[in-house]
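Here the structure comes first, spelled out in structure tokens, and everything after it is commentary.
Since every read-out is calculated from the coordinates, none of them should be taken as a lab result. Computed from a predicted structure; not experimentally measured. Note that each Cβ is placed from the backbone with ideal geometry, even for glycine, and that neighbours are counted across all protein chains shown.
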Amino acid sequence: MIMPTQKQYDVTLQRVRQIDCKIAVLDKDYTLLDEISGSTISISLSVNADSDIRRTADININLKDDISQNQNQDFYWIAGNPYWFDKYIQIYVGIYDIISQEYVWVNEGIYLINAPSISYTSETNALTFEA
């Protein structure tokens, strides 16, 4: 069992928390291909030991202006794009530390895209998907 760090514990005690999410896109060898980050609109992470699918996630994030490290917006959310089907994603949730003025990140595990219902709208600059 991995114990939380002191910084992770401290940021959970803040009265006001700014929670963000970053998603690492990995290939079959767990090599980092890209990273997508943004301000979290909603995130639901669930772990169920009795289910065949142990971990599930439902994510809705407002993407940052730079979109991704690769700067290739079309690479991700074109309808029918097979990019997501053979890749893993590693989800990190971060809480902004008001003292150090940086994010404290927590690894939430590695997932596969469960339902290819990824939607992107340019008006809201939001990305929604299930894993």
Sorted by average packing, counted as other Cβ atoms within 10 angstrom per residue and highest first, what order do 42-49, 95-102 take?
-> 95-102, 42-49
Run the quick spin-label model on E130 and V16: label points 7 Å from Cα toward the beta carbon, then report their separation in nm to one decimal.
-> 3.5 nm
Pair I98, V47: separation of 7 Å Cα→Cβ label points (nm) = 2.9 nm
